[in-house]
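Reviewing the structure listed below.
The values are calculated or read from the model by the stated rules, or taken from the named source; none is laboratory data. Note that the structure is predicted; figures quoted are calculated from it, not measured. Note that each Cβ is placed from the backbone with ideal geometry, even for glycine, and that neighbours are counted across all protein chains shown. Accessible surface areas use protein heavy atoms only, side chains included; no ligands, DNA or RNA. Shrake-Rupley method; radii C 1.70, N 1.55, O 1.52, S 1.80 Å.
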Amino acid sequence: MPRNGASVEEVVPKRYERGETRRAVRHALRDKARKIDTSVDQEWQVDSSLCVNDAYVLLMCGVWLLLKTVLLVVPLLLTALPPALASRIYAACVATPSERVTGRRRLVLLVLPLALPLLLIMLISLVLDFIAYYLISVPFFVCRCVCCPCRVKLCASYAALAPYRGGPYVLWYLPDIFVALVGQTARQGVVESCGKLAFMSIYQPTIKYTISANPLIYNLEERFVQQISTTLNDVPLDQICATTKRIISRTKQERDLRDTQDGWRFAPHYPYPPDGREWALGLQAGGSSWYGSFLVTHTTHFPPDFADKFAAHPLVVRSNSAALPIYRVMLWYNNPYHFFTGWVEASVSNGQKSQLDKFHGGEHPMWLVTSRSPLLSRRTSWFGPGMIDRFFDYWLPFFVFEVRRLTRGEKAAVDLKEEVISKDGISRPAGRAAKQLEV
């Protein structure tokens with residue numbers, strides 16, 4: 001049950017006003033009731049016998065993605081240019097800084113006609129991805145059933161995916177994408193945004209469905225990983241929250257902050273939701289060049305006064321170590337443009353129970369559906385929660401540096417910047433300076 005004693009049906013509206021479904025909330029509440037220590041990673045044993053599955057999926061997906069790239073990269077780049085350019089022009093016409101896009105209808109009328117060719121090619125590409133998914137997956141699933149039927153856990157795999165089905169369809173909320181594109185073109189520029197739109201369409205559906213969360217090739221489970229930055233206890237709690245939203249949710253930044261974010265290997269932009277909703281689609285920019293990728297997210301924004309209403313607010317916070325939640329990022333299974341499936345939060349941490357020295361650091365707990373294969377588990381891999389756990393251990397020091405710089409000044413940020421020693425379980429403070437804009 002939610003904290004205020006209301007039923008899940010009362011807490012979760014039917015039309016996604018809070019960016020969640022009743023099934024997802026029930027799952028989160030069951031997990032939260034276990035009262036696990038969310039300041040440490042879940043113990044996770046890698047199954048090396050699944051290296052055959054990994055080799056097969058990498059070979060087949062490598063061939064498929066190479067073919068898709070040759071066929072579609074030029075049409076996607078060309079058709080991505082008009083909406084990206086229109087979004088950048090729109091951004092140039094608003095004041096600096098600007099918290100949010102005003103005139104959503106005008107923006108849709110401007111960008112939607114220009115985006116129709118791109119959307120058509122993306123739809124064709126997605127249909128081809130679904131066909132490739134079955135052509136690649138079904139033969140291997142048959143081989144699994146014939147060779148080792150006792151090791152196939154198809155029902156358990158679909159049960160792991162079940163809480164993350166039925167989320168809001170990206171297509172029905174295209175105005176959110178256009179709003180986010182205004183903010184990202186202001187940060188990344190037109191050329192990078194074109195490339196990231198194109199490669200998002202080419203790569204993300206295949207990585208998500210055929211590699212990361214494929215119940216026909218792997219037995220799937222939910223894995224918890226946690227990243228907590230070094231402490232920000234020298235910055236007031238309300239300023240950490242406000243500065244985080246300034247960096248991530250503000251539509252148009254001052255020039256120096258735009259240039260900083262453009263150099264990051266990961267630059268999320270979660271625009272403020274429109275009236276009547278507590279969530280909106282956002283765009284994460286992965287990579288610092290044009291051949292990176294955007295990632296689409298469903299992001300719920302916690303109100304600034306949430307800490308005062310923590311016990312009674314209907315929004316569910318799954319982490320047990322959050323001092324003040326800021327965002328919840330839902331990675332729905334029916335969102336083909338993000339390679340993960342699961343539930344993610346971004347909060348200011350209290351460090352409890354096992355990382356108290358990181359009090360008021362930034363925490364990023366992730367509950368992701370994945371496999372125990374080496375490809376999807378190891379920190380040195382290209383895919384999976386292990387990879388992303390290691391990446392955020394690398395990236396969070398840059399974000400902490402920027403929060404401190406904007407609140408306390410350059411000198412304090414330089415004097416106090418610190419990396420962590422990235423590893424499974426707990427990543428301890430390293431006590432050495434992070435290198436700015438290392439790519």
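Structure data summary
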read-out: Solvent-accessible area, 1.4 Å probe, carbon plus sulfur percent, for the chain; value: 64
read-out: Candidate residues 257, 237, 65: accessible-area rank, largest first, probe 1.4 Å; value: 237, 65, 257
read-out: Dimensionless Rg over Rh [the stretch 174-284; C-alpha; Kirkwood]; value: 1.03
read-out: Sites matching trypsin sites (Lys or Arg not before Pro) across the stretch 256-356 that sit in DSSP coil, with at most 10 neighbouring C-beta atoms within 10 Å; value: none
read-out: For residue 240, solvent-accessible area (1.4 Å; no DNA, RNA or ligand), Å²; value: 10
read-out: Ranked order, 76, 81 - accessible area, probe 1.4 Å, largest first; value: 81, 76
read-out: Choice from 408, 428, 100 with maximal GNM fluctuation in the chain (Cα, 10 Å cutoff); value: 408
read-out: Overall Cα dimensions of the chain, principal axis frame, Å, largest first; value: 62, 50, 48
read-out: Cut-off 12 Å between beta-carbons: net charge of the residues surrounding residue 93, Lys and Arg +1, Asp and Glu -1; value: +3
read-out: Potential lengthening between residue 334 and residue 254 on full extension [0.36 nm per residue; Cα-Cα distance subtracted]; value: 25.3 nm
read-out: Residue among 317, 57, 74 with the largest mean-square fluctuation in a Gaussian network model of the chain, springs linking Cα atoms under 10 Å; value: 74
read-out: Dipole magnitude of the chain about its Cα centre (Cβ charges: Lys, Arg +1; Asp, Glu -1), debye to nearest 20; value: 540
read-out: Span-rule helices in the chain, defined as complete DSSP H runs reaching 24 Å or more along the axis (Cα) with Kyte mean at least 0.0; value: 51-92, 104-147, 190-206, 384-408
read-out: Among 405, 22, 34, residue whose mean-square fluctuation peaks in a GNM of the chain (springs only between Cα atoms under 10 Å); value: 34
read-out: Mean ellipticity per residue at 222 nm, deg cm²/dmol - from DSSP H runs of n ≥ 4 across the chain, formula -39500 (n - 2.57); value: -15000 deg cm²/dmol
read-out: Per residue accessible area in Å² of the stretch 211-266, where ligands, DNA and RNA are left out and the probe is 1.4 Å; value: 29
read-out: Convex hull of the stretch 72-144 built on C-alpha atoms - directionally averaged projected area, nm²; value: 7.4
